[in-house]
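Student: Before I ask anything, here is the structure I am working with.
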Amino acid sequence: QTAAELIAEARATARRGDGDRADSLLKQAEQGLPGEALMLRGNIAMHVRKDVEGGMALFRASIAADATRWDSHYFLGRALADQERWDEATASFAASAELDPTKLTVLLDLGKAQAASGGFEDAAATMLRAAALDVHSSQALLLLAQTAVQRRELEAA
C-alpha cells in the first residue's frame, strides 16, 4: 500500500473508533508522507488517548518533517492554548495563518491567543482579517468586541 492509501485506511479506522489500528497504519505511512502521518498520530494521541504531551511531540515532529503543513501548526497551537501557554499558541497559530491565510478558524484562534497574551492591537487586526474572510459570520466581530472589553477592564485595573 502507498502512504496515501495507508492514511486513508487509518482515517476510516479512526472514525470507527479503533485508534490503535489507525496509529499502527499511520506509523507505516510515515515513510512516504511523514508530515501528514505524524500530524494525524498527534490527533489520535490528543483526542483518543488523551496524551497531551505525546500529541504535542507528534505535532512538533510533523512540523520538523514538513514545516509547510498549516494543520500541524494549528493543532499544536490548539494544544498549547488548551494549556493557556498563550505566547507559544500565538506563534503556532501565526505560523498556520501565514501558511494558509484563508482559514477562518485559524484566524479566530490566533486572535483569541493574541488577546489572552495581552496583544490587543494584534488581536484586533487579526479579528478584522477574519471578519473580512467571512462577512456573513459574526464570530470575528463578537471576538473583536470581547477583546475591546478585556482591554478596557485591564486598563481600568
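Student: Hey, could you check the stretch 76-105 for residues that are out of contact with any Leu (no Cβ under 9 Å at 6 or more places or on another chain) and farther than 23 Å from residue 54 by Cβ and say which is surrounded by the most Cβ atoms within 10 Å (Cβ to Cβ)?
Tutor: 99
Student: Among the residues of the stretch 99-116 satisfying the criterion of being among the β-branched types (Val, Ile, Thr) and in a helix (DSSP H, G or I), which is nearest to residue 140 (Cα to Cα)?
Tutor: By that ranking, first place goes to 105.
Student: Check every one of the helices (runs of 4 or more DSSP H) wholly within the stretch 28-98 and list those with 2 or more residues that are out of contact with any Phe, Trp or Tyr (no Cβ under 7 Å at 6 or more places or on another chain) and more than 21 Å from residue 8 (Cβ to Cβ).
Tutor: 52-65, 70-82
Student: Could you pull out the residue among 113, 89 that is farther than 30 Å from residue 17 by Cβ and of a type in the set (A, V, I, L, M)?
Tutor: Within the list 113, 89, the selection yields 113.
Student: For the stretch 1-39, name all the residues that are β-branched (Val, Ile, Thr) and within 15 Å of residue 71 (Cβ to Cβ).
Tutor: Listed by number, the list holds a single entry, 7.
Student: Let me ask another. Please find, within the stretch 1-18, the residue that is least open to solvent (accessible area, probe 1.4 Å) out of those that are free of Cβ contacts under 8 Å to residues at least 12 places away in the same chain and aliphatic (A, V, I, L, M).
Tutor: Selected residue: 12.
The values are calculated or read from the model by the stated rules, or taken from the named source; none is laboratory data. Predicted, not measured: the structure shown is a model, and the values here were computed from it. Please note: Cβ atoms are built from the backbone with ideal geometry, for glycine as well, and neighbour counts cover all protein chains shown. SASA here: full protein model, heavy atoms, side chains in, ligands and nucleic acids out. Shrake-Rupley method; radii C 1.70, N 1.55, O 1.52, S 1.80 Å.
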